[in-house]
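Below is one structure, written out as structure tokens; comments come after it.
Readers should treat all values here as calculations from the given coordinates under stated rules, not as data from a laboratory. Being a predicted model, the structure only gives us computed values, none of them experimental. Note that we place each Cβ from the backbone using ideal geometry, even for glycine, and neighbour counts take in every protein chain shown.
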Amino acid sequence: MKSSLKLTAAAAVLLSLGACASKPKPVVDTTPVEVVDTTPTVTEPVETETVAPVATGPAAGSLEDFRVNVGERVYYDLDSYRLDADDQEILKRQAAWLSSYPGVRILVAGNCDERGTREYNLALGERRASVVKDYLISLGVDPSRIDTISYGKERPIAAGSDEQSWALNRNGFTQIVSGTNS
Amino acid sequence: MKRILTALATAFLLATGLALPSAAQLQVRVTEGNFTPVPLAIPDFQISGTDAAMAKQISDVVRADLSSTGLFEMQNPSSFIQKDLAIDVQPRFADWKIINTDGLVVGAYEELPDGKIAVSFRLWDVYAGEVMRINGQPGRRLTTTPDNWRRIAHKIADSIYTRLTGEDPYFDTRIVYIAETGPKLARVKRLAIMDSDGANQQYLTPGRNTVLTPRFSPSAQEITYMSYEGGKPRIYLFNIETGRQELLGNFPGMTFAPRFSRDGESVLLTQAQRGNSDIYIMNLRTRESRRLTDHPAIDTSPSMSPDGKSIAFTSDRGGSPQIYVMNVDGSPRTCPSGGRDSACRITFGRGNYSTPVWSPRGDLVAFTKQAGGKFYIGVIGTDGKGERLLTEAYLDEGPDWSPNGRVIVYFRESRPGDGPQLMSVDLSGRNERRLPTQTDASDPAWSPILQ
């Protein structure tokens with residue numbers, strides 16, 4: 001009962017704020033008004049919930065660890081397969097991570113934006129994947145742990161048709177295929 | 001009797017001064033600059049049998065085919081004066097002249113005792129006042145099973161088109177393409193096939209693996225294409241009749257961009273290994289392959305000349321994707337830019353050029369050009385001369401030729417975010433049309449004329 005009162009009050013505040021605002025007002029959230037608590041009143045015991053301690057991050061050596069703490073993609077300029085300093089940093093972290101987890105095998109995919117023709121992009125994607133593979137090998141990763149594939153323009157990660165999306169879609173994607181515990 | 005009628009008609013025409021010299025026989029010149037479509041009348045075919053709907057549909061398909069060329073203007077049936085046409089009787093030319101019809105097609109549909117159907121037609125030159133003979137005959141009669149009626153209609157349209165334009169036929173053909181469904185980030189791509197007018201659409205692969213760039217064999221029985229089956233991008237052969245799919249070759253690297261040689265005995269393809277794409281030719285019988293290019297740049301998208309001696313391909317050896325030609329035997333050529341080289345660049349305009357496809361007539365290469373944020377379909381002489389852009393859009397890509405070399409099919413995304421659609425355009429740049437498909441569609445390839 002108390003909670004429903006509270007919500008009603010909150011709704012009233014929201015409504016009044018809405019009324020005062022000079023900017024568009026239709027965006028008033030009206031849902032709280034509908035929250036009339038129909039459950040039987042106070043007597044039921046409340047179950048205790050355990051709150052876990054705040055997670056410190058993905059488990060070391062997990063897919064999530066690789067994704068979040070290492071970085072799984074490098075990004076290319078238009079029509080280019082050159083690795084810039086940022087890309088090299090990411091690949092150095094990938095190489096270091098791979099040396100910590102020697103059982104891991106990876107597939108490097110080369111991707112292109114949609115502003116090229118299909119077959120040329122398949123070739124360009126293969127070249128992009130190969131450049132990542134070569135760089136990782138130069139950093140000491142065993143070549144037998146790395147496969148490459150080109151998706152050309154077939155696997156965009158950003159759906160837009162604009163410069164920003166195209167920049168995201170021109171990438172080399174290091175995917176862990178086996179050897180992790182998660 | 002017929003001869004007398006003809007003689008009488010001719011005499012009448014001569015007497016009234018209406019007859020044109022026989023040299024002025026109805027002929028459509030498809031290459032003329034300012035083109036006015038030629039008026040044709042194709043009344044619904046007469047019927048002897050019960051299935052009036054089929055007779056009507058056959059006439060409809062013949063009209064639709066001819067009208068799709070942009071070369072003919074179909075006369076409105078409500079303007080027709082003569083209603084008593086008969087396949088074996090000369091029409092009253094005066095009735096057709098008065099509505100300014102140049103050509104008249106009279107057809108007849110019959111149901112035969114054995115369950116088959118027969119369709120006959122005659123093509124009349126209204127102003128010359130005579131029948132236009134086709135392969136020496138005063139008309140044609142075609143029979144088939146009823147379920148095959150569309151092919152008869154296409155063959156009739158082909159006969160009329162060929163007789164009037166002097167061009168080889170192309171309606172009785174099929175188009176293979178990639179049917180696309182689903183959201184942009186999880187696209188499902190299936191191999192699909194349809195008749196040249198978009199009828200009889202069928203899916204050939206289930207869509208579990210992405211498939212790309214199908215191309216017909218010269219026999220129209222097989223398709224070569226690229227598939228990600230098993231997570232490996234490689235080229236396959238697909239038999240249309242049996243539905244059997246077969247991996248082509250045993251290459252260590254990715255194989256893509258397949259295309260049959262003109263004799264159908266080999267497949268041209270690209271293999272990418274360690275970041276480098278080069279072109280190979282594989283004999284389908286011996287399965288032996290030979291490397292055609294050996295260059296650290298990207299070489300891909302090979303297409304063979306009709307004489308089998310040369311290929312056109314895309315290469316970025318000059319710093320950007322451009323079109324090159326080379327001899328299949330690797331011998332040096334005299335290049336348009338002067339000098340002799342094993343591969344000659346033929347595109348020098350602003351922008352990138354790719355997807356070359358050698359025309360069936362041998363004189364032109366169709367391409368995709370990308371410049372200034374736009375894509376274009378164009379053609380260029382194999383000597384690098386006479387570049388012409390035929391289309392322009394946000395994305396126009398992947399041309400292929402009708403078997404007679406008159407029409408180019410390609411795919412288009414009209415605006416950013418639009419799904420791809422199949423389009424066709426006449427070699428003159430006129431008559432840009434959308435080809436109807438049930439889903440979004442890309443990578444069209446035209447079959448040879450069916451046997």
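Observations, loosely collected:
- At q = 0.06, 0.07, 0.08 Å⁻¹, base-10 log of I(q)/I(0) for chain B (Debye sum, equal scatterers on each alpha carbon): -0.31, -0.41, -0.53
- Crossing angle, helix B:149-165 versus chain B [Cα axis fit, 0-90 degrees, rounded to tens]: 80
- Here A:ASP65, B:ASP84 are placed in order of increasing Cβ neighbour count within 10 Å, fewest first, which gives B:ASP84, A:ASP65.
- Given chain B, longest segment not containing exposed loop GluC sites (Glu not before Pro) (DSSP; at most 11 other Cβ within 10 Å): B:33-240
- Loop-resident sites, region A:59-109, for trypsin sites (Lys or Arg not before Pro), counting at most 10 other Cβ within 10 Å (DSSP): A:ARG82
- Coarse-grained scattering of region B:38-165 at q = 0.17, 0.18, 0.21, 0.22 Å⁻¹, given as base-10 log I(q)/I(0) from a Debye sum over alpha-carbon atoms: -0.83, -0.93, -1.28, -1.40
- Cleavage-rule hits (chymotrypsin sites (Phe, Trp or Tyr not before Pro)) in region A:112-169: DSSP loop, at most 12 neighbouring Cβ within 10 angstrom: none
- Dividing the convex hull volume of the alpha carbon atoms of region B:134-251 by its residue count gives 144 Å³ per residue.
- Distant alpha-carbon pairs in the protein assembly as shown (separation over 41 angstrom), percent: 44
- Over all Cα atoms in region B:225-346, the spread is summed up by Rg and Dmax: 14.8, 50 Å.
- Taking B:THR347, B:THR50 and counting other C-beta atoms within 10 Å, the order from fewest to most: B:THR50, B:THR347
- About its Cα centre, region B:174-446 has a charge dipole of approximately 300 debye under the convention of +1 per Lys or Arg Cβ and -1 per Asp or Glu Cβ, with nothing else charged.
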